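Reviewing the structure listed below.
Every read-out reported here was derived from the displayed coordinates using simple, explicitly stated rules and does not represent laboratory data. Since the structure is predicted, the reported quantities are computational estimates derived from the model, not experimental observations.
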Amino acid sequence: MSSPAKRSNAEALSAAAVELKRRRAARTATETPPPKPGTAKKVKTVRCSVRLPEGEYRELAKLRKRLGREGVSTKKGELVRAGLMLLALLDRTDLNAAIRDVIAPEPATHQTP
């Protein structure tokens, strides 16, 4: 007769364990605090290296100086990111033209004095 009692005790323990897990799951789901306003999740950045022709590198330096005179301190990477955002706004034909100019720029015409 002890075996039916043991079985019912085991079933009761199992049911109690399931109920406890359910309650804990419900409690943790409701107790998680909402994210604080004004604290944005940090964006993961990726480090990359880009090789530029000397002339384009000088253009980056000129842009940095120009912005510095206007009171805006920037880094080269920030200028590259800003350029990327502007390229993303272009329509297909303008983007193709811009890329064509980078891949095969028009030859410079030198005037002889």
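Remarks
- When each of Lys21/Lys44; Lys42/Lys75; Lys41/Lys75; Lys36/Lys76; Lys44/Lys76 is checked by Cα-Cα distance, pairs over 25 Å: Lys21/Lys44; Lys36/Lys76
- In this entry, region 54-103 is assigned a mean projected area of 3.9 nm², taken as a quarter of its C-alpha convex hull surface.
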